[in-house]
Amino acid sequence: MKHLITMRIALRLSDLAIPVAIISLLVLSLNCAAQWSMDPAAPMALCNAANNQTGMKVIGDGNNGWYAFWSDARANASLNQLYGQHLDASGNALWTANGMLILDQPDSSINENVPLLLPDGDILIVYSYNSIVYVGEVIMAMRFSPEGLPVWAAPVEVSRGGPSALGTIHNFQQIKAFRSGENVWLAWGYDPAGGNGSYLFERLGLDGTTLFGSPGHDTGVGFGPFTIHDDLAGG
């Protein structure tokens with residue numbers, strides 16, 4: 001309880017663990033001095049909705065602006081929905097104030113999210129969720145327009161926890177993604193029942209097709225922090 005009381009609920013740009021490169025780009029965007037704040041004591045509020053907002057990810061929009069996506073418990077303190085905001089180069093919010101609802105998984109909480117900007121300006125969001133009653137975590141992917149509207153008819157299932165050919169998978173973590181040509185490569189860690197952690201990967205087409213299918217292709221090695229890289233040859 002003490003932790004919750006002392007936690008800052010307002011989600012502000014100055015609070016984010018953004019890589020130094022992104023912070024530098026944000027500073028360079030301040031030359032017009034519109035919405036961006038230069039005062040550390042009065043940062044620009046991106047979202048000050050009720051309850052907790054966590055796990056923010058930020059990507060450029062290809063036009064000197066930014067997309068931000070985060071898990072948001074404003075509607076239910078026990079369940080996270082996915083909210084997002086689009087900021088122009090001057091820091092003006094282009095979507096609904098305090099963020100627009102992007103994804104709502106009924107009776108479940110959205111945990112991680114990984115957004116990618118696609119060549120035509122659309123956004124691919126890879127995300128994980130699980131329900132209140134433990135049934136295993138699920139990784140999904142959905143394509144959105146620059147206005148935050150769904151492009152595909154429904155999200156694509158990438159990997160589902162629970163019983164599988166790899167044993168019973170408990171949970172996923174550390175979702176990584178990058179685009180290479182007409183595909184997106186994904187990788188993530190998983191914890192199997194009665195075994196050591198390992199990694200799975202998948203190739204997702206920009207039309208939503210998967211190469212391997214759930215739960216993904218197993219590397220059969222290791223656990224802990226990892227990275228994935230483009231081989232500059234489509235793989």
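The values are calculated or read from the model by the stated rules, or taken from the named source; none is laboratory data. Since the model is a prediction, treat every value here as computed from it, not as a measurement. In this analysis, Cβ positions are derived from the backbone assuming ideal geometry, glycine residues included, and neighbour counts consider all displayed protein chains. Just so you know, the surface numbers come from the protein's heavy atoms only, side chains and all, with ligands and any DNA or RNA stripped out. Shrake-Rupley method; radii C 1.70, N 1.55, O 1.52, S 1.80 Å.
Counting only residues 5 or more places away or on other chains, whose amide H sits under 5 Å from the amide H of Phe144 once H atoms are built in the peptide plane?
Hits under the 5 Å cutoff: Ile123, Leu124, Ile125, Val151.
Can you give the extra length, in nm with one decimal, that the chain gains between Val151 and His170 once fully stretched, where that is 0.36 nm per residue apart less the Cα-Cα distance?
Details: separation 19, 0.36 × 19 = 6.84 nm, distance 3.05 nm.
Length gained between Val151 and His170: 3.8 nm.
Ignoring any ligand, DNA or RNA, what whole percent of the accessible area of the stretch 160-207 comes from carbon and sulfur when the probe is 1.4 angstrom? All intermediate terms of the calculation are to be shown ahead of the outcome.
Working: 950 of 2010 Å².
Here carbon and sulfur together make up 47 percent of the probe-accessible area.
If you average the sequence gap of Cα pairs under 8 Å that are 6 or more apart and divide by the length of the stretch 132-205, what percent do you get for the contact order?
Relative contact order here is 22 percent.
Could you run the Karplus curve 6.51 cos²θ - 1.76 cosθ + 1.60 with θ = phi - 60° over the stretch 138-146 and give me ³J(HN,Hα) per residue in whole Hz, x for Gly and Pro?
Result, ordered by residue: 10, 10, 10, 9, 9, 9, 10, 7, x Hz.
Could you give me the radius of gyration and the Dmax of the stretch 30-180, taking only the C-alpha atoms into account and expressing both in angstrom?
Rg and Dmax of the stretch 30-180, Cα atoms, are 16.6, 56 Å.
Determine Rg/Rh for the stretch 53-107; Rg is computed over alpha-carbon atoms and Rh is the Kirkwood hydrodynamic estimate from the same atoms.
Numbers: Rg = 11.9 Å, Rh = 11.7 Å.
That ratio equals 1.02.
Arrange the peptides 221-231, 159-169 so that the one whose residues have, on average, the most other Cβ atoms within 10 Å appears first.
Numbers: 221-231: 10.3, 159-169: 16.5.
With the highest mean Cβ count within 10 Å placed first, the list reads 159-169, 221-231.
Which value in Å is the Kirkwood Rh of the stretch 106-149 over different Cα pairs? Can you show the working numbers first?
On the way: mean 1/r = 0.0877 Å⁻¹.
Taking the inverse mean of 1/r over all distinct Cα pairs, the stretch 106-149 comes out at 11.4 Å.
Over the stretch 179-227, what per residue volume does the convex hull of the Cα atoms give, in whole Å³? The partial results should precede the final answer.
Working: hull volume 3.6 nm³, N = 49.
Roughly 74 Å³ of hull volume per residue.
Please identify which residues in the stretch 96-122 have an amide N closer than 15 Å to a label point set 7 Å out from the Cα of Ser131, following the Cα→Cβ vector.
Those under the cut-off are 105-110.
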